[in-house]
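Novice: Please see the structure below; I have some questions.
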Amino acid sequence: MNQQVMHEARVLVAEDSPTMRRHLVSVINSAPGLHVVGEAPNGEVVLDMVNQLNPDVISMDIRMPGIDGLEATRRIMNQHPTPVVVVSGLVD
């Protein structure tokens with residue numbers, strides 16, 4: 001029988017709201033093939049964690065204290081290119 005090994009995508013969640021971060025982690029971890037490997041409450045922490053954890057993808061909030069999600073994404077792409085999914089509650 002041919003067994004196929006499924007790779008779980010390692011996800012880093014960057015979100016300043018603890019409630020939203022818990023919800024995102026729960027949703028991501030319940031999805032087949034995804035596993036949260038780290039949680040960052042702000043842009044400074046996510047930049048450090050990208051280098052430490054080497055995630056496959058990052059869930060990035062836009063508005064965070066200090067370095068916001070847009071600036072963090074720019075720096076990540078310059079230093080350690082990683083796919084980023086922008087998650088935001090911003091509504092105009």
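Just so you know, all these numbers are worked out from the coordinates, no wet-lab data involved. Keep in mind that what you see is a predicted model, and the values were worked out from it rather than measured. Quick reminder, even Gly has a Cβ in these numbers, built from the backbone with ideal geometry, and neighbours come from all protein chains shown.
Novice: Residue under question is PRO55, and the condition is that it be under 10 Å from the mean Cα position of the chain (by Cα) and assigned to a loop (DSSP other than H, G, I, E, B); does it hold?
Specialist: For PRO55, the condition - under 10 Å from the mean Cα position of the chain (by Cα) and assigned to a loop (DSSP other than H, G, I, E, B) - is met.
Novice: Can you say whether ASP61 is surrounded by fewer than 19 Cβ atoms within 10 Å (Cβ to Cβ) and at negative phi, as far as the supplied structure shows?
Specialist: Criteria not met by ASP61.
Novice: Can you name the condition, by its number, that THR82 falls short on among (1) free of Cβ contacts under 8 Å to residues at least 24 places away in the same chain; (2) among the polar types (S, T, N, Q); (3) more than 15 Å from GLU8 (Cα to Cα)?
Specialist: Evaluating THR82 over (1) free of Cβ contacts under 8 Å to residues at least 24 places away in the same chain; (2) among the polar types (S, T, N, Q); (3) more than 15 Å from GLU8 (Cα to Cα) leaves (1) as the failure.
Novice: Of all residues being surrounded by 13 or more Cβ atoms within 10 Å (Cβ to Cβ) and over 17 Å from MET20 (Cα atoms) in region 81-92, which is nearest to the chain's Cα centre (by Cα)? Just the residue, please.
Specialist: Ranking the candidates gives VAL84 first.
Novice: Further question on the same structure: Checking ILE67 against (1) within 11 Å of the chain's Cα centre (by Cα); (2) part of a loop (DSSP other than H, G, I, E, B); (3) not charged (D, E, K, R), only one condition comes out false. Which one?
Specialist: (1)
Novice: Residues to consider are VAL11, VAL37, VAL86; find the one that is touching a Lys or Arg at 6+ places or on another chain (Cβ under 6 Å), part of a strand (DSSP E or B) and not acidic (Asp, Glu).
Specialist: VAL37
Novice: With respect to GLY43, determine if the residue is surrounded by fewer than 16 Cβ atoms within 10 Å (Cβ to Cβ), without any contact (Cβ under 8 Å) to a residue 60 or more places away in the chain and not acidic (Asp, Glu).
Specialist: no
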